[in-house]
1. Provide the per-residue ³J(HN,Hα) series for the range A:190-201, in order, calculated from phi with Karplus coefficients 6.51, -1.76, 1.60 and θ = phi - 60°, each as a whole number of Hz, with x at glycine and proline positions.
2. Please give the per residue volume of the convex hull enclosing the alpha carbon atoms of the range A:22-220, rounded to a whole number of Å³.
3. Give the relative contact order (percent, whole number) for chain A; include only Cα pairs under 8 Å separated by 6+ residues.
4. How far apart, in nanometres, would the label points at A:His6 and A:Tyr236 be if each is projected 7 angstrom from Cα along the Cα-to-Cβ direction?
5. Report ³J(HN,Hα) in whole Hz for each residue of the range A:44-56, in order, from the Karplus equation J = 6.51 cos²θ - 1.76 cosθ + 1.60 where θ = phi - 60°; Gly and Pro get x.
6. Among B:Ala317, B:Ser268, A:Phe128, pick out the residue whose Cα is farthest towards the positive end of the charge dipole of the protein assembly as shown, where Lys and Arg carry +1 and Asp and Glu carry -1 on C-beta, about the Cα centre.
7. Which residues does a label at B:Gln166 reach in the range B:36-62, if reach means a backbone N under 19 Å from a point 7 Å past the Cα toward the Cβ?
8. Farthest toward the dipole's positive end in chain B, which of B:His326, B:Phe257, B:Gly300, given Cβ charges of +1 (Lys, Arg) and -1 (Asp, Glu) about the Cα centre?
Amino acid sequence: MTNRKHPPPKQLVTQIPYIKPRAAELDNGLPVYFIEGGTEEFVKVEMVFFAGSYHQTRPLVSYTTTNLLRNGTKNNSREEVNEQLDYYSAHLQLEAQKDIVSVSVYVLNKHLEPALKLFSDIIRLPVFPEEEMRSFLKNQQQIHLINQKKVQHVARTYFNELVYGEQHPYGYRLKPDDFDRVVQADLQQFHRRWFYPGNAFCIVSGRMPYMIEKRIGKYFGDRNWQGAETGEPPRYPMLTSGSRKVHLEMPEALQSAIRIGKQLFNRTHPAFHRLKVTNALLGGYFGSRLMQNVRQDKGYTYGIGSNIVSLLRNGYFFIATQVGSDVSKAALDEIYNDLKELRHKPAGKDELESLKNYLAGSFLRSFDGPFAQSERFKELLVFGLDFGHYDEYMNTLKNITAEDIMECAGLYLNEEEMMEVVAGK
Amino acid sequence: MVRFRKHTLSNGLRVLVHSDQTTPMAAVNVLYDVGARDEDPERTGFAHLFEHLMFEGSLHIPRFDYYLQHAGGENNAFTTNDITNYYLTLPAQNLETAFWLESDRMVGLAFSEAKLNTQKNVVTEEYRQSYLNQPYGDAWLLLRPLAYEVHPYRWSTIGKNIGHIQNASLQEVQDFFTTFYHPANAILAVAGNVDPENVFALAEKWFGDITAGNRYVRQLPAEPPQQQEKRLAAERDVPQHQIYMAFHACGRTHPDFHATDLLSDILSNGESARLPAKLVHDQKVFSEINAYVTGNLDPGLLVITGKPHHGVHIDDAEDMLWKEAHDLAVNATDKRELQKVKNRVEATHTFSESNVLAKAMNLAYYELQGDASLYNQQMEAYARVTDEDLLRVAASTFRKENASVLHYQTQRQP
């Protein structure tokens, strides 16, 4: 008979197989990194610009500029761009975040040449047609209105405003008429000012086709591609006020969305890795205290979790869940209690070991394959870090104790300093 | 091309292995051949509730997640109208932990009244979160019973109404396990940095002694051909109308499935596809538009859906969708357009092959359809579709008598 009572022996994850990128610099100064790996004949080419919403002077400009890159270039109309992207099955991703814009394309190697030509035009020569912009913003305005009916969306936007203040781009909450205010010149200026090699880097990952470096150089290395204006992005004062609570009544809601958290710091802070582990124990995985208590024990919710978000100029911590409106008070009590216990109740031997093993496995998973590796490497580049940062995390995982976690919770996650938003009832 | 090996244990468990030495991970997928279509019409939502209970402890292992996390693993599961699928990934060196965990919950579960009650609450909150408390969240709860009158696809995986879940008894849970959760009704697929011989040995060690159950024989009522158009209008607190048009189509294993899927791609896969290019970008009638097939194992649906802008009458918007659908039945698709959608299918398929978990899931899913090697034949099957196939399938699909149309409308102000 097989012995089912005891788990089979296991080995811990102690090493992460980094793929160290090969670095190159194009004639115009654009840094390019190559991450070779994978089993299938395709690559991802990603261009990152420091051009997020932090850099804009009017709401929605970074987002609209990024999303309209594909709506027509000096060489091709929107119809032609879309037809060719689809024909060459080039999967284009446009992401405008708070600090950066990422424009990437996944493409089969056999279609690389025409796809790169198109990709280069999209990035370098967009024309932002007025009519396309209006149509895009009108559709986005509709989506915005639908989102206002979603408790979790409402809670998230009010929470960011509480944490960073309504003047700060990290905290700004969109209003419906913001969609009417963007003008074509905003996009043209924003693109001229921030989308140039000196403000960017490029990562190519996957199975490298023949002469990849030369081909990237051909489409992105042009010396004439320079920024028209330079300079620092605007500076905004960071709001730092104490705990505040906002309750937004949404009478139709069957569930309430809860968001609790506070401003903290980003991954360059010495305590970041410890905070990451501390957060995981609280709400960072299925075995976490919040999940086990509020979902698995009380049945108040389908899911609950907490996270720490690293932004270039700051960072924050938050807990988020949706609970039945009838139990939102009870759920809040449980959440605050779990936060408090994080300071006082040491993780048991099993709890801590399970947490560490899980996080090490999860970290290994986040490096699985060239595309995952490129995500991790991008993170380092954005924050100006090197692989030592990830080694430190593995060291923290190895050495952190239950006392360290309680101390970290005491320093950074005091329940009395939290912002709280409840949207619903 | 995903190379794999297959072995069937004496108790009927089918085991598939794909070895990929480029990853440090292993993915393990266990598919049970039971979905919402197998439920008693008076006890709907049961397959999905059961999926939750599979994480609440088995005969020898009180906490599934705890031990998996201990081995650096991560897992989840989903229930569809056709199947219940459990999957996990973990560092490849800890593969045996996955066998220990998955086999024990095939041997038997540690049910209790308390665990059942908690998961009833969790599922009720899931129902509220995903279906009721979301704009347009209940559209499929309306569309399914409109399109299907007889076949169990007429209810969603969450169930017809949440009362069915709340009334579930422990005995029913036990019976459900006995009927569906045994080796002959399951497929195990492993992909990643593993040795196939070792996987077969582990399968024998951990699953080999599980009693073979009685093979479940599925006898579902076939949906009779629809005779006339069906229409429904619903009013909800949403800022914009949405139109849903559902057409009966073939099942996934039917020879016309790939042509049907390509029709939906021609309509809406990519920004240059007909519906977004014409009706969103050019004519600006819709703000969002989509077309897709449900891809069920029994005959499924081809769905066209879109949100017309304010000021556009919902009937006029619907007419424009009909016009595009009819066009596919009358005018042959030109060569480049057909090649374009085939290129996209090829790329999507190739991208999915770069992920061990996707490979394990697909091997199990195609094995369920008869043979895991069907996964490797998909691209050829799409490549073979001709413009005549598209015309023929479009003509038989896009007919009024074959349509169920839901107008999901904004509430009129009182």
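None of the figures in this text is laboratory data; all of them are computed from the coordinates on show. Treat the numbers as computed from the prediction; the structure is a model and nothing was measured. Neighbour counts are summed over all protein chains in view; Cβ atoms, including those assigned to glycine, are modelled from backbone coordinates with ideal geometry.
1. Those phi angles translate into 4, 5, 4, 6, 10, 9, 8, x, x, 10, 9, 9 Hz.
2. Residue-normalised Cα hull volume stands at 137 Å³.
3. Details: 733 pairs, mean separation 90.4, N = 425.
Taking the mean separation of contacting Cα pairs over the length of chain A, I get 21 percent.
4. Spacing of the two 7 Å Cα→Cβ label points: 5.8 nm.
5. These are the phi-based 3J(HN,Hα) values: 10, 10, 10, 10, 10, 10, 7, 8, x, 4, 4, 8, 8 Hz.
6. Result: A:Phe128.
7. B:42-50, by backbone N distance to the label point.
8. Final value for the positive-end residue is B:His326.
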